[in-house]
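Q: Before I ask anything, here is the structure I am working with.
Read-outs: derived from the displayed coordinates by stated rules, not from any lab. On a predicted model such as this, the values are computed, not experimentally measured, just so you know. Virtual Cβ from ideal backbone geometry, glycine too; neighbours counted across all protein chains shown.
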Amino acid sequence: MNWTVSSRIYGGQAYSAATIEECSGIVAMLTAESETWQTLGVMWTNAKLSIQRQRLKAPLCPAMASGTSTTNQDGTVHTALPYARLNEHCDAQTADCAAVAARLDQLADLLVRAYSLYSQAELTTQRVVNELIQQATMLFPQQTALAAGALAVGGALGGSVAEGGVNGIHALSSTAWAQEGLMAGAASLITGTQPGIGPLSTNEVNRAATMLSMVTAPAYELVQGGRLTMWRKEARTEVVRESHSVAEALESLRRLGEERLGKIDLDSGLQYGTIAIQEYRAADGSSSWLITIPGTDGKLDSPFGWPQNVELMSHTERRRMQADSARLVAEAMESAGIGPDDPVALVGHSQGGIVAATIASDMKDDYNIQHVVTAGSPVANHPIPASTWVTSIEVDDELVAALDGAPNPTTDTWLTVRGQVHRAPDGMLTPSVNEDGSCTPPLGAGADMPFSAASVRDASDDKEISHWLKYHQAAYRNAIDLGSPALQRHEEHFRRVIDGELVETTYWQGRMIPGAVTAPAESGVGVETLPNLAK
Amino acid sequence: MSDDQCVVPRPSGSAGTPPSSDAPALDAFRNVTPFSYRYCACQQAAIDGRDLMQSLARSTRSAAASLADTVTHCSAIGWTGNASNLYREQLRQCGRTAPAVAKRADTAARLTLIGGTP
């Protein structure tokens, strides 16, 4: 069984009004032609039925019975058409007309998705739905909670029945459309936002995160300690590879994320709490940097634990930069020798993406952050400057990306790829994300419309959490295949930022240390100890 | 049953035109029995079939011509990438399918002419 992801692209528009008008006109033409051919197919079906009905008008006519026209001795003519052959023709015409109509519809849809023709309408609808749910949550919290629970339980039950086994993950799919609104509503209750104020802002979740982190951060500090140690870690094998595209960077991100959690074994010796920094050198001798930041690992002494997410989601710069994971990345950037004018690109998954957005927002005066790629990260309200390009990848039912309670901004420099997960028939599509993360697959055998969706590599038969990076990779792959000019523009910008040859890949590992500042025994090249000044 | 039992001699009007009936009941009876009154419904069925096929052939030719124009116009969009290549290829394929469908429609229309003559 394949799971596939089809993508839509929001923001990052690079189209003139004339281009939009031209595309809309073409879509209208294709749709009109499709309707014509659908009608034609119905006409051929009706023709067959009509001919059969006419034959029944003279059921005992010898000509009708034999299919051969005859003339009686008295000159009476009995006429028969070649009804069997006409029926065959009608059937073939019906099938061909329907096929042409369906193909034209698919091509129109492809064009709509490539040029994001309906994205503004979809986003407006989403925002209205979010606000309505938020207001409902604030005014009728118990009823809304009951309704959301019923929706989740109904989805889980329905999905489980269809799948043939109990699987609660389907609850995420059934509530996907309401998750942002529910989050914003719940956050409004926490912060005490008055009903009616909600539509004026979108950062209720971030305000709530600030309040929550005032409790969670000190509490977790008691558990894991408040001091962060960081050192450079040598890898025995290559984990993060040279990248010259977002897709390649995502593949490296997946490799690092899974290697440090032990999901794959590359024999690198890298463990949890590790990020990678790569230096690229252009032909003119200038350096640029790519920073790869995996997501939450949840280990007790890791700077990438669960509570750090709450701090990173805060609406204040100070609180965000107190998060251990952000401090680790900031310190690693300094230790790696990134200059204030060197172009920097950050790519992160989940918490890694929030860290990337935080660095871009809060260290904009320290570094030249030119491009941020986030996968499955709730970063809609992070104040990333307009000069930094943001390419966000989200999956509809992953939940995590909806935790910000708002859709991402849609500016020229902020583009969001949103994937929708579908179950596909066996063998419909070939695996879509190559080992090297490349974006130019051959057409799969029998794949009629291979770019309608991209397959998820190594997906399980049953529905699983779509927050795994492989789903974002599939979403990005499908978006690239669509040939969206807006996405191509972002991809070209990313390539320009890390232009040149890879000079070095360094890995930086962090641990939270309770009590006295000590360096771990397996310290590598150097040791940096960082007191948590904020705590 | 012999052919003679099927119909009575052709009416004075056109061979393909049903005669006006003397009574509505006879009309209904004529449509469902071979022992009809002066006329066999097979002739009208053949005429209707011919008309239908010729009309459909005209519609199909018109749709094919329209699609050819659409394919030409829609292929000219300045869109690049994997999906755009597929888009143009499949547009061309639609453009090739449409004349074939129109041709088959013409064949069906011709069949009604050939088959209608004893």
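Q: A:TYR118 versus A:TYR15, label points 7 Å from Cα toward the beta carbon: distance in nm?
A: 1.3
Q: Also: What is the Cα centroid distance between region A:14-68 and region A:453-471, reported in whole angstrom?
A: 39
Q: For the residue pair A:SER66 and A:GLU501, what label-to-label distance in nm results when each label sits 7 Å from Cα along the Cα-to-beta-carbon direction?
A: Each label point is offset 7 Å from its Cα along the Cβ direction, giving 8.9 nm.
Q: So how far apart, in nm, are the two label points at A:ALA95 and A:HIS422 if each is 7 Å from Cα heading toward Cβ?
A: 2.3
Q: Check cross-link reach from A:LYS263 to the aspartates and glutamates: straight Cα distance under 12 Å, and skip same-chain residues fewer than eight apart.
A: A:LYS263 reaches A:ASP297.
Q: Here is a further query. Would you order A:LEU346, A:LEU212 from fewest to most other beta-carbon atoms within 10 Å of each residue's own beta-carbon?
A: A:LEU212, A:LEU346
Q: Would you tell me the mean number of C-beta atoms belonging to other protein chains that fall within 10 Å of each C-beta in A:21-28, as a whole number?
A: 2
Q: Considering only DSSP states other than H, G, I, E and B, which trypsin sites (Lys or Arg not before Pro) in region A:59-125 qualify as loop sites with at most 16 other Cβ atoms within 10 Å?
A: Working: sites: A:ARG85, A:ARG103, A:ARG113; in loops: none.
Answer in residue order: no site qualifies.
Q: What is the sum of charges around A:ASN46, taking Lys and Arg as +1, Asp and Glu as -1, for the other residues whose C-beta is under 13 Å from the C-beta of A:ASN46?
A: Its environment carries a net charge of 0.
Q: Using a Förster radius of 41 Å, what is the FRET efficiency between B:HIS73 and B:ILE114 based on their Cβ-Cβ separation? Nearest 0.05, please.
A: With a Förster radius of 41 Å, E is 0.60.
Q: Calculate the length of the line joining the C-alpha centroid of region B:37-98 to that of region A:78-103, in whole Å.
A: Cα centroid to Cα centroid, the span is 13 Å.
Q: Could I ask something else about it? Could you pull the Rg and Dmax for the protein assembly as shown, using just the Cα atoms, both in Å?
A: Calculated on Cα positions, Rg and Dmax stand at 34.0, 120 Å.
Q: Please find the FRET efficiency linking A:GLU88 to A:GLU163, where r is the Cβ-Cβ separation and R0 is fixed at 45 Å, and quote it to the nearest 0.05.
A: After rounding to 0.05, the efficiency reads 0.60.
Q: What size of dipole, in debye to the nearest 20, comes out for region A:240-284 about its Cα centre when the only charges are +1 on Lys and Arg C-beta atoms and -1 on Asp and Glu C-beta atoms?
A: 140
Q: Oh, and also: On average, how many beta carbons from a partner chain sit within 10 Å of the beta carbon of a residue in A:40-53?
A: Mean inter-chain Cβ contacts per residue within 10 Å come to 3.
Q: Could you name the lysines whose alpha carbon sits less than 29 Å from that of A:LYS364, not counting residues in the same chain fewer than 8 places away?
A: A:LYS233, A:LYS535
Q: Then there's this: I need A:ARG207, A:ARG418 ordered by Cβ neighbour count within 10 Å, fewest first. Don't jump to the answer; show the numbers that get you there.
A: On the way: A:ARG207 21, A:ARG418 24.
Ranking A:ARG207, A:ARG418 by Cβ neighbours within 10 Å, fewest first, gives A:ARG207, A:ARG418.
Q: Can you put A:ILE20, A:ILE480, A:ILE338, A:ILE197 in order of Cβ neighbours within 10 angstrom, beginning with the fewest?
A: A:ILE197, A:ILE20, A:ILE338, A:ILE480
Q: Let me confirm one metric for peptide A:80-87, namely the mean number of other chain beta-carbon atoms within 10 Å of its residues' beta-carbons.
A: Numbers: counts 8, 14, 7, 6, 0, 4, 8, 0.
Partner Cβ neighbours, averaged per residue: 6.
Q: From the helices alone, meaning DSSP H stretches of at least four residues, give me the mean residue ellipticity at 222 nm for chain A, per-run term -39500 (n - 2.57), in deg cm²/dmol to the nearest 500.
A: -14500 deg cm²/dmol
Q: Report the gain in length on full extension from A:ASP458 to A:SER50: 0.36 nm times residue separation, minus Cα-Cα distance, nm rounded to one decimal.
A: Result: 141.7 nm gained on full extension.
Q: Give the lysines reachable from A:LYS57 as a straight Cα distance under 22 Å; neighbours fewer than 8 places away on the same chain don't count.
A: Excluding near neighbours in sequence, the set is A:LYS48.
Q: At 15 angstrom or more along the helix axis (alpha-carbon based) and mean Kyte-Doolittle of 0.5 or higher, what helices does chain A contain? Whole DSSP H runs only.
A: A:141-163, A:179-191, A:351-362
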